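As structure tokens, the structure follows; a few thoughts come after it.
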2 protein chains.
Amino acid sequence: MTMKSEIISVGTELLLGNIVNTNCAFLSGELAKLGIDVYFHVTVGDNRRRLMEAVGEAMERSGLIITTGGLGPTSDDITKETIAEVTGRKLIPDEAELAKLKAIFARTNREMTPNNIKQAYVPEGSLVVGNDNGTAPGIILELNDTIIIMLPGPPIEMKPMFNEKIVPYLKEKSSTSLVSVTLKFFGIGESALEHQLSDMIESQSDPTIAPYAGDGEVSVRITSRAKSGEKVPGSIVRVTDEIEKRLGEYIYSYHNRSLQQVTAMLLMETGKTLAVAESCTGGKLSALITSVPGVSKSYMGGIVSYSNEVKQSLLGVSRETLTKTGAVSSETALQMADGVRRVCGADIGLSVTGIAGPEGGSDQKPVGLVHMALSAEDGTLTWERKFSGNRDKVQTFAAKNALNHLRLYLLNTVTSIDKSRY
Amino acid sequence: MTMKSEIISVGTELLLGNIVNTNCAFLSGELAKLGIDVYFHVTVGDNRRRLMEAVGEAMERSGLIITTGGLGPTSDDITKETIAEVTGRKLIPDEAELAKLKAIFARTNREMTPNNIKQAYVPEGSLVVGNDNGTAPGIILELNDTIIIMLPGPPIEMKPMFNEKIVPYLKEKSSTSLVSVTLKFFGIGESALEHQLSDMIESQSDPTIAPYAGDGEVSVRITSRAKSGEKVPGSIVRVTDEIEKRLGEYIYSYHNRSLQQVTAMLLMETGKTLAVAESCTGGKLSALITSVPGVSKSYMGGIVSYSNEVKQSLLGVSRETLTKTGAVSSETALQMADGVRRVCGADIGLSVTGIAGPEGGSDQKPVGLVHMALSAEDGTLTWERKFSGNRDKVQTFAAKNALNHLRLYLLNTVTSIDKSRY
């Protein structure tokens, strides 16, 4: 069979934006692992004509069609009926499913309505896939050029059915699977990174090289086919090594980890303890760190010194500094880092102070200006950045920038480190 | 124009299941508010031929096409190029965008690479929509029978652009628009709320009544058609009053505001100052509060007392309490609230201590157990909750629960308040 596939999600609630379509991402990820390319996601409402249109198009271009939703008992569940019509199959009762349904209703002393019986009907010639978490069975329909797999909509029913029953079926149909390595970068923009790798990206075939960006970080995914069971293919290793040679300084994870995960790993491995003092990020930096399970061994705590009073009383920032250089200055950042390290009894103090906006900016100190500092036994660091964007973006980028400086500092404290572990 | 619309998401990462497509649900919900029907969601990869196919189909059946993604600087960002080709437009540089780009790169001291300049090119005859949170502008292309709107992919750029610039444009295009009132609830589950309103929901026609749930909050959107410019129709007012009569105690916003916005409004209006002490939420509570612009007048700061040492040294929690009742207890929560109020010189101290998991639970104190306290001049409050779910969910629910108790406390300090302002 051709492994070109397409996912059709059926449900008006999706088109109304009442729920986010997580089934599509789940199925796409699982299909990728099986080496099955997904070329289209299509979502239609509970509407016979438009579902027929979508299924018709899909049958012309895809060898595998997976639908989710519309298998339930109610009158707006029309997936089976519509696909039977498009493929010219009769709907016939599946005796096993009918018996199972009757048993369920007998056990719960509920009366079976015609609606319920409808659930046991399947297109003639289908393979019926039992549903261990609901009443609507899945259906596999093998046509000449296309396989159509109909799955229930609720993730709690669809996911186990796919993992336990559809994956083995598809594995039999395919022979290879995809292996991906995702490198994560900080401190380089998507365009600059693309510029550095343009020759590789333009000449790519196998492995494929896909850069993408989000929330101030950039990733590059290197993907290649592998015999099922095979470890990372040499072709991926060669591409990874070349990218490492060109942009290694910006890579913070070789295993698709988040910046906070990698930084927390380094904290735990070096045995160093951390405390943070933040002003403009207002708790975001601390929240990023504590989102990592188990970090409590390394993280003493933090102070959100939003007011100048708190900067003085809790962190010991001097009144002179606040009046002379202001709350947003490298001097204040440094005293915040020193102060939080001292009062929390930590090895390292990390601080952020800046102007998140929308108000509070000036010509000398525009919105987006952020001063940061790191204080440790062996010395101190201060740096500043100008971020653009709205309040949320400035806060997020500042918190991640501070985390990254901490990560680099920790790396330097370790001799002969194997970065590729992170 | 016909208000039949369709959303095309562009990005191979979506087809690989690397990210969930939240843009589609967001745009669909917003379009529904405008009375614009969404009939299809289509997702394609960064592939010229398949994107052309999707856009071609969309132009045949939809009056409004919104695309997200593929506007970035890299060579696999092809949305503009492909749509220019399908519609027979040349790509020309937009001088204003070019200037803006140069300014951004100058301000942030980054060098501009050739593929950045590509971002300032737009199809001939388009309306260019500035991007306040990124470098890729949005594009509106008005054709004879179809309007094509191209938006950037990152939600942090797409959502504000749509809300601030596309919504006003679309409102102008549509003669009648939908007026919605969104009530937000805290402390009642979606199913319990639906049960209370089931008779209204089942008999609904105009206005429509749509409940939603997310992140521990529930909202109900009441929607009706109205002449453009018309104020809230009486039909909506009547439904709102009925819901208020049944569930008023749970309503915290009558204007679709977030819990943190409403709480910050109350802080500013009452003139009270706040300080928070948090353990298991690790900064999330403080970050929620400081996500609201202008809150710095009311928010003194916070202490993330992650370690017991910091609970003692900075907040003055007694060693006896920590050994006798433990860090997760109402006694500790109360001393944290008192302590942070004192050391930050605030009118109100709010505290959270609990077990976020996945580790650290016991039979007596299971994962998800959270103790909270509020300390003020006129007295103290303590309460506990048992949340279920993963680490992120426990942290988020605990932070919001604390915020809600603060909101209720502030409401009680105000006499003769008009809740409907919030």
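Mind checking the per residue accessible area of the protein assembly as shown for me, 1.4 Å probe, whole number of Å²?
Numbers: 33910 Å² over 844 residues.
On a per-residue basis, 40 Å².
Evaluate the range B:4-172: find the radius of gyration of its Cα atoms, find its Kirkwood radius, and give the ratio Rg to Rh.
Working: Rg = 15.1 Å, Rh = 16.1 Å.
Rg divided by Rh gives 0.94.
Please state the charge dipole magnitude for the range B:259-419, taken about the Cα centre, from unit charges on C-beta atoms (+1 on K and R, -1 on D and E), reported in debye and rounded to the nearest 20.
260 debye
Among the listed pairs B:Lys165/B:Lys400; A:Lys159/B:Lys80; A:Lys311/B:Lys311; A:Lys386/B:Lys284, give every one whose C-alpha distance is greater than 29 Å.
Over 29 Å apart, Cα to Cα: B:Lys165/B:Lys400; A:Lys159/B:Lys80.
Give me the extension gain from B:Met112 to B:Arg385: residue separation times 0.36 nm, minus the current Cα-Cα distance, reported in nm with one decimal.
That works out to 93.0 nm of additional length.
Quick one: which of B:6-18, A:363-375 comes out on top by average Cβ neighbours within 10 Å, and what's the full order, highest first? Write out the running numbers ahead of the final one.
Details: B:6-18: 24.5, A:363-375: 20.7.
Descending mean neighbour count gives B:6-18, A:363-375.
Work out the charge dipole of the protein assembly as shown with +1 on the Cβ of Lys and Arg and -1 on the Cβ of Asp and Glu about the Cα centre, then indicate which of A:Leu141, B:Asn133, B:Thr79 is farthest towards its positive end.
The listed residue farthest towards the positive side: B:Asn133.
Take chain B, drop everything but the C-alpha atoms, weight them equally and run the Debye formula without solvent; then report log10 I(q)/I(0) at 0.07, 0.09, 0.12 Å⁻¹ to two decimals.
-0.46, -0.73, -1.09
Considering every residue in B:309-319, what mean count of other chain Cβ atoms within 10 Å of its Cβ is obtained?
3
Kirkwood Rh, the range B:259-419, all Cα pairs: how many Å?
Working: mean 1/r = 0.0647 Å⁻¹.
Roughly 15.5 Å, rounded to one decimal.
Where a Cα-Cα gap under 18 Å defines reach, which aspartates and glutamates qualify for B:Lys272, not counting those fewer than 8 residues away within the same chain?
Within the straight-line cut-off, B:Lys272 pairs with A:Glu309, B:Asp338, B:Asp347, B:Glu377, B:Asp378.
Take the alpha-carbon centre of the range A:243-273, take the same for the range B:348-422, and report the distance between them in whole Å.
34 Å
Starting at the first residue of the range B:55-62, write each ³J(HN,Hα) from the Karplus equation 6.51 cos²θ - 1.76 cosθ + 1.60 with θ = phi - 60°, in whole Hz, x for Gly and Pro.
Each residue of the range B:55-62 in turn: 5, x, 4, 4, 5, 6, 10, 10 Hz.
State, in square angstrom and to the nearest 100, the accessible area buried between chains B and A, both chains counted, probe radius 1.4 Å.
5700 Å²
Helix-derived [θ] at 222 nm for chain A: sum -39500 (n - 2.57) over DSSP H runs of at least 4, divide by residue count, nearest 500?
Value at 222 nm, helices only, nearest 500: -11500 deg cm²/dmol.
Calculate the dipole size of the range A:153-270 relative to its Cα centre from +1 charges on Lys and Arg beta carbons and -1 charges on Asp and Glu beta carbons; express the result in debye to the nearest 20.
520 debye
Please report the antiparallel percentage of the DSSP beta bridges confined to the range A:4-172, to the nearest 5.
Bridges in the range A:4-172 are about 35 percent antiparallel.
Return the FRET efficiency for the residue pair B:Met268, B:Met52: r is the Cβ-Cβ distance, R0 is 56 Å, and the value is rounded to the nearest 0.05.
Efficiency at R0 = 56 Å is approximately 0.60.
Multiplying the sequence separation of A:Asp392 and A:Asp378 by 0.36 nm and subtracting their Cα-Cα distance, what value in nm do you get?
Values: separation 14, 0.36 × 14 = 5.04 nm, distance 3.35 nm.
Going from the current span to full extension adds 1.7 nm.
In the range B:241-308, with Lys and Arg counted as +1 and Asp and Glu as -1 at Cβ, which of these residues, B:Cys280, B:Thr270, B:Tyr306, has the Cα nearest the positive end of the dipole, that is, farthest along it?
Farthest along the dipole direction, towards plus: B:Tyr306.
How well do other chains shield peptide A:388-401, expressed as the mean number of their Cβ atoms within 10 Å of each residue Cβ?
3
For the range A:4-172, with all protein chains present and a 1.4 Å probe, just round the carbon and sulfur fraction of the accessible area to a whole percent.
Taking all protein chains in place, the range A:4-172 shows 53 percent carbon and sulfur surface.
Might you report the magnitude of the Cβ-based charge dipole of the protein assembly as shown about its Cα centre, with Lys and Arg at +1 and Asp and Glu at -1, to the nearest 20 debye?
Once rounded to the nearest 20, the dipole reads 1300 debye.
Could you give the nm distance between label points at B:Val167 and B:Ser191, where each point is 7 Å from its Cα heading toward the beta carbon?
3.3 nm
Once you have the Kirkwood Rh of the protein assembly as shown from its Cα pairs, apply Stokes-Einstein at 25 °C and 0.890 mPa s and quote D in µm²/s.
Diffusion coefficient, whole number: 84 µm²/s.
Take peptides A:237-246, B:395-404 and line them up by average Cβ neighbours within 10 Å, highest first, as a rough protection proxy.
B:395-404, A:237-246
Among B:Leu247, A:Gly214, B:Gly35, whose Cα sits farthest toward the positive end of the charge dipole of the protein assembly as shown (+1 at Cβ of Lys/Arg, -1 at Cβ of Asp/Glu, about the Cα centre)?
The listed residue farthest towards the positive side: B:Leu247.
What average count of beta carbons from other chains do you get within 10 Å of the Cβ of residues in B:63-76? If you can, show how the numbers build up before the last one.
Working: counts 0, 0, 0, 0, 0, 0, 1, 0, 0, 6, 8, 13, 5, 7.
Counting other chains' Cβ atoms within 10 Å and averaging over B:63-76 gives 3.
Taking the alpha-carbon set of the range A:241-333, what are its Rg and Dmax in Å?
Final numbers for Rg and Dmax: 17.0, 52 Å.
May I ask you to derive the FRET efficiency for A:Ala103 and B:Ile417 from their Cβ-Cβ distance with R0 = 51 Å, giving the value to the nearest 0.05? Numbers along the way, then the final one.
Values: r = 57 Å, r/R0 = 1.13.
The value I calculate is 0.35.
Given the options B:Val20, B:Val262, B:Val38, state which has the largest fluctuation in a GNM of chain B using a 10 Å cut-off (strictly under) for Cα springs.
Greatest mean-square fluctuation among the candidates belongs to B:Val20.
Report the rotationally averaged projected area of the range B:176-253 based on its alpha-carbon convex hull, in square nanometres.
For the Cα atoms of the range B:176-253, the hull's average projected area reads 5.0 nm².
With the solvent-accessible surface defined on protein heavy atoms using a 1.4 Å probe, which residues belonging to the range B:149-188 display a reduction of at least 50 Å² in accessible area in the multichain context relative to the isolated chain?
B:Ile156
The values are calculated or read from the model by the stated rules, or taken from the named source; none is laboratory data. Everything quoted here is computed from the prediction, not taken from an experiment. Quick reminder, even Gly has a Cβ in these numbers, built from the backbone with ideal geometry, and neighbours come from all protein chains shown. We work out accessible area using only protein heavy atoms, side chains counted, and drop any ligands, DNA or RNA first. Shrake-Rupley method; radii C 1.70, N 1.55, O 1.52, S 1.80 Å.
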